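For reference, the structure discussed in these notes is given below.
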Amino acid sequence: MPNKRAPNQKLIAFPVDAEFERSLEKCLHACGITNKSQFIRDAIYEKLSRLGMNVPASLKEPPVRFGHHPQARRRSHASKP
């Protein structure tokens with residue numbers, strides 16, 4: 001089933017200024033980052049870690065979608081050089 005979330009998966013949505021979104025897209029494209037959701041998860045994880053929060057690294061990985069089987073996950077953007 002396309003676009004169906006697993007029971008433990010939640011969507012976090014927030015508004016941003018159109019210029020901010022354009023700048024983000026431009027920067028991600030320039031850096032070769034193709035997955036905006038993963039980038040945002042990594043950024044939140046990094047910020048919380050810097051604030052001293054003990055967040056398991058596994059939580060920054062995307063949850064398994066409904067109807068999909070867990071596969072080997074690729075490295076997050078935070079581990080890019």
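Residues ARG22, ARG50, ARG41, ranked from the fewest to the most other C-beta atoms within 10 Å, line up as ARG50, ARG22, ARG41. With neighbours defined as other Cβ atoms within 10 Å of a residue's Cβ, the residues SER58, SER23 order from fewest to most as SER58, SER23. Look at ILE12, ILE33 and count the other Cβ atoms within 10 Å of each Cβ; fewest to most, that gives ILE12, ILE33.
Label-to-label distance, VAL55 versus ASP17, with points set 7 angstrom from Cα along the beta-carbon direction: 2.4 nm. Overall size of the stretch 7-61 from C-alpha positions, given as principal axis extents largest first: 32, 27, 20 Å.
Taken together, the values in this text are just the output of simple stated rules run on the coordinates, not laboratory data. All values derive from a computational prediction rather than experimental measurement. In this analysis, Cβ positions are derived from the backbone assuming ideal geometry, glycine residues included, and neighbour counts consider all displayed protein chains.
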